[in-house]
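The values are calculated or read from the model by the stated rules, or taken from the named source; none is laboratory data. The model shown is predicted, which means the values in this text are computed figures rather than measured ones. Note: ideal-geometry Cβ built from the backbone for every residue, glycine included; neighbour counts use all protein chains shown. Quick note on the areas: whole protein, heavy atoms, side chains included, nothing else; ligands and nucleic acids left out. Shrake-Rupley method; radii C 1.70, N 1.55, O 1.52, S 1.80 Å.
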Amino acid sequence: MNIQDIFKNNQNWVAEKLADDKDYFENLSKGQTPSMLYIGCSDSRVTAEEMMGVHPGEVFVHRNIANLVNNVDLNVMSVINYGVRHLKVKHVIVCGHYYCGGVKAAMQASDLGILNPWLRGIRDVYRLHKNELNCITDEDERYNRLIELNVQEQCINIIKTAAVQQAYYEWGLAVHGWIFDIKTGKLKDLNINFDKVLRNIMEIYDLNQKPSIEKI
Ligand code: CO
């Protein structure tokens, strides 16, 4: 891809949009009210909007290596807080993908410099689920399972935040864990049971005094 082609593509896209609706960009400029927050991997093959079939203005997006939700990452925590508290999204999605290089790297013993602290988040997921993962003898299967468990743990990390707990009580915010399979193009829902996870972790992570855990 030639960098100059990008500008040509952009002109064509603008023309197409305006041919359809002459006020398209004028309307876009008025503000955003997305109903979903998507947290996915930076992998160039996993394009959030295209594979979900959504348009500009419909999804608030954050992407990083291996779709991690790290408690001290100001970037992802700001996105979650803004998305939930200000945009008042109804759904938060963590979308991982098979063939994730970040997860693969975390499964290997090597010093990757600045990536070490980042990928440690995935090694921690491995440690939490070591018994299950070590029982899987096929390496590809173990890799795929770690990708799924990583999504599950990042959903739990989202549920540990005050903004999300509050939004759950106030408007029934839902958290979803998905996997995108690059080989088939299909999205898979891991069917994470938000209520069950919440009930399970609230004993330790409850950040809202009311309503009490019994009322969930
Ligand atoms: Co990835």
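So which residues in region 124-143 are within 16 Å of the ligand (Cβ to nearest atom) and over 18 Å from the mean Cα position of the chain (by Cα)? Those that are within 16 Å of the ligand (Cβ to nearest atom) and over 18 Å from the mean Cα position of the chain (by Cα): Tyr126, Asp140, Tyr143. Only a single criterion out of (1) over 19 Å from Glu148 (Cα atoms); (2) within 16 Å of the ligand (Cβ to nearest atom); (3) in a loop (DSSP other than H, G, I, E, B) is not satisfied by Arg45, namely (1).
Table: residues versus (1) touching a helix residue (DSSP H, G or I) at 6+ places or on another chain (Cβ under 9 Å); (2) closer than 18 Å to His91 by Cα; (3) in the same structural domain as Cys100 (by TED's automatic domain parsing); (4) open to solvent by less than 80 Å² (accessible area, probe 1.4 Å).
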site: Lys8; (1), (2), (3), (4): no, no, no, no
site: Asn12; (1), (2), (3), (4): no, no, no, no
site: Ala15; (1), (2), (3), (4): no, no, no, yes
site: Asp20; (1), (2), (3), (4): no, no, no, no
site: Tyr24; (1), (2), (3), (4): yes, no, no, yes
site: Tyr38; (1), (2), (3), (4): yes, yes, yes, yes
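Checking each residue of region 52-65 against the condition of being in the same structural domain as Gln154 (by TED's automatic domain parsing), in a loop (DSSP other than H, G, I, E, B), within 29 Å of Leu187 (Cα to Cα) and touching a Gly at 6+ places or on another chain (Cβ under 8 Å) gives at least one match. Against the condition among the aliphatic types (A, V, I, L, M) and either outside the structural domain of Val94 (by TED's automatic domain parsing) or exposed (fewer than 13 other Cβ atoms within 10 Å of the Cβ) (or both), how does Leu207 come out, does it pass? Judged against the criteria, Leu207 is a match. Does Val76 qualify as being in contact with a His (Cβ under 7 Å, 6 or more places away or on another chain) and either touching a residue at least 12 places away in the same chain (Cβ under 8 Å) or farther than 27 Å from Asp206 by Cα (or both)? Yes: the conditions hold for Val76. Of all residues in region 143-202, those being in a strand (DSSP E or B) and either of a type in the set (S, T, N, Q) or open to solvent by less than 50 Å² (accessible area, probe 1.4 Å) (or both) number 7. List the pairs whose first member sits in region 131-149 and is among the β-branched types (Val, Ile, Thr), whose second member is in a helix (DSSP H, G or I), and whose Cβ atoms are under 7 Å apart, counting only residues at least 6 apart or on separate chains? As it stands, the answer is Ile136/Arg142; Ile136/Arg145; Ile147/Val103, since those pairs meet every condition given.
Picking from residues in region 94-106 that are within 16 Å of Glu153 (Cα to Cα) and in contact with a Leu (Cβ under 7 Å, 6 or more places away or on another chain), the one that is farthest from the ligand (Cβ to nearest atom) is Ala106.
In region 42-62, the residues that are of a type in the set (Gly, Ala, Ser) reach residues that are open to solvent by less than 40 Å² (accessible area, probe 1.4 Å) with C-beta atoms within less than 7 angstrom, at least six apart or across chains, in these pairs: Ser42/Asn64; Ala48/Tyr38; Ala48/Gly40; Ala48/Val59; Gly57/Pro34. In region 57-72, which residues are away from the ligand (no atom under 16 Å from the Cβ) and touching a Phe, Trp or Tyr at 6+ places or on another chain (Cβ under 9 Å)? Correct list: Val59, Phe60.
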